[in-house]
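The values are calculated or read from the model by the stated rules, or taken from the named source; none is laboratory data. Please read all numbers here as calculations on a predicted model, not as lab measurements. Here Cβ is always computed from backbone atoms with ideal geometry, including for glycine, and neighbour counts include all displayed protein chains. Areas reflect the complete protein model, heavy atoms only, side chains present, ligands, DNA and RNA absent. Shrake-Rupley method; radii C 1.70, N 1.55, O 1.52, S 1.80 Å.
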Amino acid sequence: MFRALIDDVCNLFQVQQSDVRAVLVVNNNRGKHRLTGWRWGRPCTPDQERMDYKAIDVFLETERTYPIWEKVKEHFDHSDSDTLLFFRNEGSFRLGCLIAIANSIDVESHINEWEQIVRPFTMLGHMDKLVQFVVNYIGARN
């Protein structure tokens, strides 16, 4: 399912798969989010992971379901991505996904298509068994 999402992102924004990475994000039930081991695409350095946490903090503060951050490199000089896309379940945060794209892309001209792609994913955080499976999988790997 998430590999198909990456394919859709690449097709929509005309980017190569080697320029995209994605990671699932969960709420650890203590009010903090956590990047998971469920990752696709480009590898991520520890420094980049710290930047991703900061970006997700900003996204979660907006309380928007699918916020976008363009021109990221203006804020994080050493970022591996210039465009960050995030989506999460509606309501209280339980499950989300960060998509990092290496280059700057024109999201606004494709915003309607982007919303159609991610809208079904925003319901995943309301599926208790799925969220618990992801959390248990993370716990088993650590």
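Counting only residues at least eight positions apart within a chain, or on another chain, the aspartates and glutamates with an alpha carbon under 19 Å from that of residue 54 are 63, 70, 74, 77, 80, 82. Taken along the Cα-to-beta-carbon direction at a fixed 7 Å, the label points for residue 123 and residue 17 span 2.7 nm.
The magnitude of the dipole of segment 1-140, with charges of +1 and -1 set on the Cβ of Lys/Arg and Asp/Glu and taken from the Cα centre, is near 700 debye.
For segment 1-140, the orientation-averaged shadow of the C-alpha convex hull comes to 7.9 nm² (one quarter of the hull surface). Segment 1-23 and segment 35-74 have Cα centres spaced 15 Å apart. In whole percent, and with a 1.4 Å probe on the protein chains, what portion of the accessible area of segment 1-78 is carbon and sulfur? Of the solvent-accessible surface of segment 1-78, carbon and sulfur hold 44 percent. Take segment 1-140 with all the other protein chains still there, run a 1.4 Å probe, and you get 55 Å² of accessible area per residue. Restricting the trypsin sites (Lys or Arg not before Pro) of segment 39-93 to loop positions (DSSP other than H, G, I, E, B) with no more than 13 neighbouring Cβ atoms within 10 Å leaves 64, 71. List the GluC sites (Glu not before Pro) in segment 23-90 that DSSP assigns to loop (not H, G, I, E or B) and whose Cβ has at most 16 other Cβ atoms within 10 Å. Which are they? Listed in order of number, the matching sites are 63, 90.
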